[in-house]
Amino acid sequence: MLLVVDIGNTNITIGIYHDDQLIGNYRLTTWFKRTSDEYGFMILNFLMSSKVTPEQIHDVIISSVVPKIMHSFTNSIRKYLNKEPILVGPGIKTGISIKTENPKKVGADRIVDLAGCYYNYGGNALVIDFGTATTFDYISDEGVFKYGVTAPGIGISAEALSSHCAKLPEIEIKKPSSILATETITSMQAGLVYGYIGSVEYIIQKFKEELHLDDMLVIATGGLGKMISQHTDMIDIYDRDLTFKGLKIIYERNKS
């Protein structure tokens, strides 16, 4: 079995593959001060809940955009699973050609998502990952990544609204049934969600216009991607497990 791990700024997501089947999917909060033992105990609990023993995990692959926790997390893999994890980074085979101005600055999470998209859905596609930040990355038919956009995530936008306006409360991120809000909470939710959907649609449209690609496939992933994709016809596919799929593909390209 293969353990796939994506370490993001807000959450760490962990998946377990048995051959080609994802049999476990777990999420924990990214916190800088956890020790390797704390991470180890959590991983063991995840395995136990999926009825998997540590000995059944034959390899581990990790994508991370949070360098501060990598020492503790990788040591937990070595100590509790007795495996040397594969890290997505410079020198690893991804099957994606990165042609940005500074390829070394491209986040591992973006490369993993693009691999998951390209080898499951093909190229000429825009991958939108709704995470702490929302990223829009275009992959060509030839597997080339050259163009990307980074925007504040909807969670950051909600937090900024309440933290910078003294009389505005924290709110649940959900779409009201109507934009015609009559009180503070729904007015904030309407502005946040309807406004965010509008900005997403505009960025997608600009990609299509400037690349002259009306037939571009648009794929969404990430925690809040499902909610956004349900309320726009400009997103073709929502794939919750796209990052896990990308990690598995990259692992298979490097396991030899």
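The values are calculated or read from the model by the stated rules, or taken from the named source; none is laboratory data. It should be emphasised that the depicted structure is a prediction, and the values quoted were computed from it without experimental measurement. Please note: Cβ atoms are built from the backbone with ideal geometry, for glycine as well, and neighbour counts cover all protein chains shown.
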message: free of Cβ contacts under 8 Å to residues at least 60 places away in the same chain, in a helix (DSSP H, G or I) and surrounded by 16 or more Cβ atoms within 10 Å (Cβ to Cβ): is that true of ARG110 in this structure?
response: yes
query: So which of ILE219, ILE154, ILE185 is in contact with a helix residue (DSSP H, G or I) (Cβ under 9 Å, 6 or more places away or on another chain), among the β-branched types (Val, Ile, Thr) and at pLDDT below 95?
result: ILE154
task: Take PHE244 and decide whether it is aromatic (Phe, Trp, Tyr) and within 23 Å of ASN9 (Cα to Cα).
output: yes
Given (1) in contact with a strand residue (DSSP E or B) (Cβ under 8 Å, 6 or more places away or on another chain); (2) in contact (Cβ under 8 Å) with a residue 12 or more places away in the chain; (3) over 30 Å from ASP59 (Cβ atoms); (4) hydrophobic (A, V, I, L, M, F, W, C), number of the condition ALA220 does not satisfy: (3)
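Within segment 27-75, restricting attention to residues that are among the charged types (D, E, K, R) and not in a helix (DSSP H, G or I), which residue is surrounded by the most Cβ atoms within 10 Å (Cβ to Cβ)?
Checking each candidate, the answer is ARG34.
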- prompt: Can you pull out the residues in segment 236-248 that are of a type in the set (A, V, I, L, M, F, W, C) and in contact with a Gly (Cβ under 8 Å, 6 or more places away or on another chain)?
  reply: LEU242, PHE244, LEU247
- prompt: Do the conditions hold for LEU28, that is, is it over 17 Å from LYS248 (Cα atoms) and either among the basic types (Lys, Arg) or not assigned by TED's automatic domain parsing to the domain that holds ASP239 (or both)?
  reply: yes
task: Restricting attention to segment 113-133, report how many residues are surrounded by fewer than 24 Cβ atoms within 10 Å (Cβ to Cβ) and part of a helix (DSSP H, G or I).
output: 3
Per-region count, segment 191-242, residues closer than 18 Å to ASP141 by Cα and over 16 Å from the mean Cα position of the chain (by Cα): 13
statement: Taking segment 47-83 and keeping only residues that are in contact (Cβ under 8 Å) with a residue 24 or more places away in the chain and of a type in the set (D, E, K, R), one is left with ASP59, LYS68, LYS79, LYS83
- prompt: Could you give every pair whose Cβ atoms fall below 6 Å, whose first residue belongs to segment 4-25 and is among the small types (Gly, Ala, Ser), and whose second residue is not in a strand (DSSP E or B), counting only separations of at least 6 or pairs across chains?
  reply: GLY8/GLY131; GLY15/PHE244; GLY24/SER50
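Scan segment 197-211 and give yes if some residue there is closer than 29 Å to THR13 by Cβ, in contact with a helix residue (DSSP H, G or I) (Cβ under 8 Å, 6 or more places away or on another chain), surrounded by 17 or more Cβ atoms within 10 Å (Cβ to Cβ) and not small (Gly, Ala, Ser), otherwise no. Steps first, answer last, please.
Of the residues in segment 197-211, the ones closer than 29 Å to THR13 by Cβ are 197-204, 207.
Pick out the ones that are also in contact with a helix residue (DSSP H, G or I) (Cβ under 8 Å, 6 or more places away or on another chain) and you get 197, 200.
From what is left, the residues that are surrounded by 17 or more Cβ atoms within 10 Å (Cβ to Cβ) are 197, 200.
Remaining after also requiring not small (Gly, Ala, Ser): 197, 200.
Yes: segment 197-211 contains one or more residues that are closer than 29 Å to THR13 by Cβ, in contact with a helix residue (DSSP H, G or I) (Cβ under 8 Å, 6 or more places away or on another chain), surrounded by 17 or more Cβ atoms within 10 Å (Cβ to Cβ) and not small (Gly, Ala, Ser).
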Near pairs, Cβ below 8 angstrom, 6+ apart or cross-chain, from segment 174-186 (more than 18 Å from MET227 (Cβ to Cβ)) to any residue that is surrounded by fewer than 14 Cβ atoms within 10 Å (Cβ to Cβ): THR184/PRO169
Leading residue by the ranking (surrounded by the fewest Cβ atoms within 10 Å (Cβ to Cβ)) among those in segment 230-256 that are hydroxyl-bearing (Ser, Thr, Tyr) and under 19 Å from GLY122 (Cβ atoms): TYR238
